[in-house]
């Protein structure tokens, strides 16, 4: 048997029981993918396809109905410090300072370390995310972007084997989000961190990742397509907007999300639809108030809603 990828998800399924006489609700099924060490992979799909559930199963915070998850060859069946998680909200302890929030996790990771060692290690990662002057402030004294930076520092400080991120920048304004994305890219380059990230932002996925996994709609959702992001690193926003390769990748992802997810079951795409009919169903990407699940242009960034 060949060696497994660093993170390997095998035939993962999740279903919820239904009242007697009714079929169970299958959120997703037969989800399979692998991530190599040091790789940054984003997963994109419409709401309800089970992305967050997949991430929670990898984190050990939820149980699958069937299938397996392996990290570094070991099966995942409970939470562990080998996996660092950054959620949509920062989840900081409000009575602790930024430094104390990071140190709390570091102490749990290395309980035998001295107080000075924990402090030095925690400060290193707070400084790495640009919070040198905010280490003694509590969450209520920090902006939303700064709180999210503390969460990132805390996750990196435990030096997890894999970093799991569930739309970590979704609540931030565009300028702050871009700044923290750049910080994340820099830290990942320095540490060779393995990352699995959920996002609804197509541009964010292409800017950050090495590959993008595209999920079909639920129920019975699957990873229906994988897009290799071949853009060279380091990436610069100013040059990307002039890159033909970037726009070809972007068009491919958007085409899947807008035109090829509806009615997709068990990985079989609905490609027989009349082109004129497809065009008539294409949403106006420049208009507001679009239906949930379509792609909208928010502040110049393509996001799923």
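The values are calculated or read from the model by the stated rules, or taken from the named source; none is laboratory data. All figures in this text were calculated on a predicted structure; none of them were measured in a lab. Here Cβ is always computed from backbone atoms with ideal geometry, including for glycine, and neighbour counts include all displayed protein chains.
For the stretch 176-188, the condition of being within 19 Å of residue 231 (Cβ to Cβ), at pLDDT below 90, surrounded by 21 or more Cβ atoms within 10 Å (Cβ to Cβ) and in contact with a helix residue (DSSP H, G or I) (Cβ under 9 Å, 6 or more places away or on another chain) holds for at least one residue.
If the Cβ limit is 6 Å and pairs must be 6+ apart or interchain, which residue in the stretch 107-131 that is under 25 Å from residue 142 (Cβ atoms) pairs with which residue that is loosely packed, with under 15 Cβ neighbours inside 10 Å and at pLDDT below 90? That search, which allows pairs on different chains as well, returns 109/81. Just one of 216, 232 is over 30 Å from residue 143 (Cα atoms) and free of Cβ contacts under 8 Å to residues at least 60 places away in the same chain; which is it? So the residue among 216, 232 that is over 30 Å from residue 143 (Cα atoms) and free of Cβ contacts under 8 Å to residues at least 60 places away in the same chain is 232.
Looking across the stretch 75-95 at every residue that is surrounded by fewer than 15 Cβ atoms within 10 Å (Cβ to Cβ) and farther than 16 Å from residue 164 by Cβ, the one that is nearest to the chain's Cα centre (by Cα) is identified as 75. Among the residues making up the stretch 1-30, those that are touching a residue at least 60 places away in the same chain (Cβ under 8 Å) and in a strand (DSSP E or B) are 7, 8, 9, 10, 25, 26, 27, 28, 29, 30.
Of the residues making up the stretch 216-242, those that are surrounded by 15 or more Cβ atoms within 10 Å (Cβ to Cβ) and outside any helix (DSSP H, G or I) number 14. Do the conditions hold for residue 163, that is, is it crowded, with 19+ Cβ neighbours inside 10 Å, under 25 Å from residue 255 (Cβ atoms) and touching a residue at least 24 places away in the same chain (Cβ under 8 Å)? In short, no.
Return the residues of the stretch 31-52 that are more than 20 Å from residue 186 (Cβ to Cβ), assigned to a strand (DSSP E or B) and touching a helix residue (DSSP H, G or I) at 6+ places or on another chain (Cβ under 7 Å); say none if nothing qualifies. Step through it out loud before you land on a result.
Residues of the stretch 31-52 more than 20 Å from residue 186 (Cβ to Cβ): 31-36, 43-52.
Among the residues that remain, those that are also assigned to a strand (DSSP E or B) are: 31-35, 43-44.
Within the stretch 31-52, 31, 43, 44 qualify.
The condition (being part of a loop (DSSP other than H, G, I, E, B), in contact with a helix residue (DSSP H, G or I) (Cβ under 7 Å, 6 or more places away or on another chain), at pLDDT below 90 and surrounded by 20 or more Cβ atoms within 10 Å (Cβ to Cβ)) is satisfied by just one residue among 169, 156: 169. Residues in the stretch 97-105 include at least one that is at pLDDT 85 or above, in a helix (DSSP H, G or I), over 23 Å from residue 79 (Cβ atoms) and under 24 Å from the mean Cα position of the chain (by Cα).
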